[in-house]
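J.: One structure is given below, represented as structure tokens, and several questions about it will come after.
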Amino acid sequence: MKVCNDGFERKFIEEKSDMYAIAFTQNVLSGRWKYFILWYLRGTTRRYSDIKTFLGDLSQGSLTKQLKELESDGVIKREVYPVVPPKVEYSLTEKGNKLMPILDMMEKFGTEYGVESNKQT
């Protein structure tokens, strides 16, 4: 099975379509910060500096890479305004909004089974 940015082997897609669907989604969301970026963009448009501030210690290079990958996958939209200084805003696309139920399920699972809920009392 070939799973990378270059795509998936045709044989894998045809013979294991259920696994391919999971692998494809995982590939779109892979990256330490993508989940947080998507959650932060939920229902609103944000400037690059807002996203950077929200994520704290993330380097500019890492943030730019994650944003470019999300944009390339069609999950977020990047809008550049022709003003000085440059103004760049990010928002979810329709495809990005369709990922929100996955984040909701991840939150529910983490709430139920995360460290805080498993503490012995």
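J.: Please give the solvent-accessible surface of Val84 in Å², to the nearest 10, using a probe radius of 1.4 Å with every protein chain present.
T.: Here the residue's solvent-accessible area equals roughly 140 Å².
J.: Quick one: Debye curve from the alpha-carbon atoms of the chain only, equal weights, vacuum; give me log10 I(q)/I(0) at q = 0.12, 0.13, 0.17 Å⁻¹ to two decimals.
T.: -0.56, -0.64, -0.96
J.: On to the next question. When all protein chains stay in place, what accessible area (Å², nearest 10, 1.4 Å probe) is found for Met106?
T.: In the full protein context, Met106 sits at about 90 Å².
J.: Which pairs break 29 Å Cα to Cα here: Lys87/Lys108; Lys52/Lys108; Lys52/Lys98?
T.: On the way: Lys87/Lys108 35 Å; Lys52/Lys108 26 Å; Lys52/Lys98 24 Å.
As for pairs spanning more than 29 Å Cα to Cα, those are Lys87/Lys108.
J.: Which net charge results for the neighbourhood of Thr64, defined as the other residues with beta-carbon distances under 12 angstrom from its beta-carbon, given Lys and Arg at +1 and Asp and Glu at -1? Write out the running numbers ahead of the final one.
T.: On the way: positive: Lys52, Lys65, Lys68, Arg78; negative: Glu69, Glu71.
Spelling it out: positives minus negatives among the neighbours equals +2.
J.: Based solely on its DSSP helices, what 222 nm [θ] is calculated for the chain when runs of n ≥ 4 H residues each add -39,500 (n - 2.57) and the sum is averaged over all residues, nearest 500 deg cm²/dmol? The partial results should precede the final answer.
T.: Details: 7 runs with 66 residues, N = 121.
Rounded to the nearest 500, the figure is -15500 deg cm²/dmol.
J.: Let me ask you something else. Of Gly96, Leu67, Thr111, whose Cα points farthest to the positive end of the dipole of the stretch 58-121 (charges on the beta-carbon: +1 Lys, Arg; -1 Asp, Glu; origin at the Cα centre)?
T.: Farthest along the dipole direction, towards plus: Leu67.
J.: Please report the accessible area of Leu29 (heavy atoms, 1.4 Å probe, ligands and nucleic acids excluded) in Å², nearest 10.
T.: We get 10 Å² for Leu29.
J.: With springs only between Cα atoms under 10 Å apart, run a GNM on the chain and tell me which of Thr93, Thr53, Thr45 wobbles the most.
T.: Result for the chain, Cα springs under 10 Å: Thr53 fluctuates most.
The values are calculated or read from the model by the stated rules, or taken from the named source; none is laboratory data. A quick note: this is a predicted structure, and the numbers were derived from the prediction, not measured. Backbone-built Cβ (ideal geometry, glycine too); neighbour counts: all protein chains shown. Note: areas computed on protein heavy atoms with side chains; ligands, DNA, RNA excluded. Shrake-Rupley method; radii C 1.70, N 1.55, O 1.52, S 1.80 Å.
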